[in-house]
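Beneath this line is the structure, given in structure tokens, with notes to follow.
The values are calculated or read from the model by the stated rules, or taken from the named source; none is laboratory data. Here the structure is a predicted model, which is why all the values come from computation and not from measurement. Note that we place each Cβ from the backbone using ideal geometry, even for glycine, and neighbour counts take in every protein chain shown.
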Amino acid sequence: MSDSIPDFPHARISCDARGVYTLCIADAGSLNILGTPTIGGVTAALEWLTDQEDARVVVLRGSGEKAFVAGADIYEMAALDPDSARRFITGVRTLCSAVQRLPIPTIARIPGYCLGAGLELAAACDIRLTTDNGVFGMPEVRVGLPSVVQAALLPALIGQGATNWLLLTGETIDAAQALRWGLVEFVCAPDGLDDLIEASVAPIVASGPRAVRSQKALLTYWQSADLQSAMDRSVDHFGEAFTQDEPARYMAPFTHRRG
């Protein structure tokens with residue numbers, strides 16, 4: 001575990017002995033609204049996490065149980081002009097990209113509301129877990145704006161038709177529909193969310209750390225590569241795994257059963 005976790009505005013980082021880091025969005029109201037100060041603080045925290053060699057998993061969450069993130073700061077957005085609007089939304093893009101750049105698995109812990117920029121942030125994570133009272137939506141058109149930046153991830157996650165409906169209507173969906181669409185991986189009762197998180201964390205930290213980082217790198221590469229390039233890169237990663245003893249150590253319990 002890192003000996004010293006810095007203080008970041010609007011972000012609280014904790015870590016357990018396994019290298020499971022939790023980044024909690026802080027001091028952003030009960031719904032964890034993303035304004036420029038919060039965006040900057042959380043982005044800085046994510047960039048710090050990128051360099052932590054002991055990190056095995058990052059769980060991204062909001063403060064409290066009302067929301068993951070219920071959107072961007074509408075009061076700040078109402079005062080934007082074209083130039084400041086570009087700066088603001090570039091900040092959101094940079095925040096979500098910082099999540100995508102993490103070299104380890106990321107899990108979005110989603111109780112309650114996950115709207116707008118919050119849904120973009122969740123979409124940037126590798127795994128999304130929610131409660132049965134989860135509410136998901138991209139309501140930007142309702143306030144005169146298009147959904148942008150990491151909203152572009154949604155067609156690959158839920159399909160073009162579902163994305164069209166979500167972005168063009170601005171309506172919300174419940175957790176059951178989010179599960180049917182593949183927007184989230186699992187749903188549980190509100191009091192079971194941390195156990196649900198642990199059910200994904202435990203097998204990750206039980207696996208080879210180099211293998212998990214390699215798999216994360218491949219999953220990221222596959223998103224934009226053609227099939228042949230994806231398979232070529234996979235062969236390279238497989239061979240690279242055997243330059244150290246991690247495969248032998250992790251296969252030993254299985255190979256020792258023979259005979």
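In segment 120-138, the count of residues that are touching a residue at least 12 places away in the same chain (Cβ under 8 Å), farther than 18 Å from GLU185 by Cα, in contact with a strand residue (DSSP E or B) (Cβ under 6 Å, 6 or more places away or on another chain) and not charged (D, E, K, R) is zero.
Taking the numbered list (1) surrounded by 17 or more Cβ atoms within 10 Å (Cβ to Cβ); (2) on the phi > 0 side of the Ramachandran plot; (3) not aliphatic (A, V, I, L, M) in turn, GLY159 passes all entries but (1).
Take ARG61 and tell me if it is more than 23 Å from THR169 (Cβ to Cβ) and of a type in the set (Lys, Arg). So ARG61 fits the description; yes. Within segment 180-191, if we keep just the residues that are assigned to a helix (DSSP H, G or I) and touching a residue at least 12 places away in the same chain (Cβ under 8 Å), the residue that is nearest to LEU129 (Cα to Cα) turns out to be PRO190. Do you know which residues across segment 59-98 are more than 24 Å from ILE110 (Cβ to Cβ) and surrounded by 14 or more Cβ atoms within 10 Å (Cβ to Cβ)? Result: LEU80, single match. Check off (1) over 27 Å from ARG180 (Cβ atoms); (2) touching a helix residue (DSSP H, G or I) at 6+ places or on another chain (Cβ under 7 Å); (3) of a type in the set (S, T, N, Q) for THR90 and give me the number that stays unchecked. Looking at each condition in turn, THR90 falls short on (2). Evaluation of LEU168 against the conditions (1) surrounded by 13 or more Cβ atoms within 10 Å (Cβ to Cβ); (2) more than 14 Å from THR131 (Cβ to Cβ); (3) aliphatic (A, V, I, L, M) shows that the sole unmet condition is (1).
When you go through CYS125, CYS96 one by one, which is the residue that is in a loop (DSSP other than H, G, I, E, B) and within 12 Å of the chain's Cα centre (by Cα)? When all the criteria are applied, what remains is CYS125.
Return a yes/no flag: does segment 81-98 have any residue that is of a type in the set (Ser, Thr, Tyr) and under 17 Å from ASN32 (Cα atoms). No, segment 81-98 contains no residue that is of a type in the set (Ser, Thr, Tyr) and under 17 Å from ASN32 (Cα atoms). For segment 225-248, the criterion of a residue being among the charged types (D, E, K, R), surrounded by 15 or more Cβ atoms within 10 Å (Cβ to Cβ) and closer than 15 Å to THR106 by Cα is satisfied by no position.
Just name the residue that is surrounded by the fewest Cβ atoms within 10 Å (Cβ to Cβ) out of those in segment 249-259 that are at negative phi and assigned to a loop (DSSP other than H, G, I, E, B).
ARG258
Checked against the criterion of being in contact with a Pro (Cβ under 7 Å, 6 or more places away or on another chain), at pLDDT 95 or above and either of a type in the set (A, V, I, L, M) or over 19 Å from GLY35 (Cβ atoms) (or both), the candidates GLY116, GLY170 yield just one match: GLY170.
Here is a check on your reading of the model: is ILE197 surrounded by 13 or more Cβ atoms within 10 Å (Cβ to Cβ) and closer than 23 Å to SER63 by Cβ? Criteria met by ILE197. Which ones in segment 32-52 are on the phi < 0 side of the Ramachandran plot and crowded, with 19+ Cβ neighbours inside 10 Å? Listed by number, the residues that qualify are ILE33, LEU34, THR38, ILE39, GLY41, VAL42, THR43, ALA45, LEU46, LEU49, GLN52. For segment 134-179, a residue qualifies if it is among the small types (Gly, Ala, Ser), outside any helix (DSSP H, G or I) and under 16 Å from ALA70 (Cβ atoms), and the qualifying residues are GLY134, GLY137, SER147, GLY170.
On inspection, VAL184 passes the criterion of being assigned by TED's automatic domain parsing to the domain that holds LEU80 and touching a Lys or Arg at 6+ places or on another chain (Cβ under 7 Å).
If you check ARG210 against the conditions, is it touching a residue at least 24 places away in the same chain (Cβ under 8 Å) and either under 22 Å from the mean Cα position of the chain (by Cα) or surrounded by fewer than 10 Cβ atoms within 10 Å (Cβ to Cβ) (or both)? Walk me through how you get there before you give the answer.
Details: touching a residue at least 24 places away in the same chain (Cβ under 8 Å): yes; either under 22 Å from the mean Cα position of the chain (by Cα) or surrounded by fewer than 10 Cβ atoms within 10 Å (Cβ to Cβ) (or both): yes.
For ARG210, the condition - touching a residue at least 24 places away in the same chain (Cβ under 8 Å) and either under 22 Å from the mean Cα position of the chain (by Cα) or surrounded by fewer than 10 Cβ atoms within 10 Å (Cβ to Cβ) (or both) - is met.
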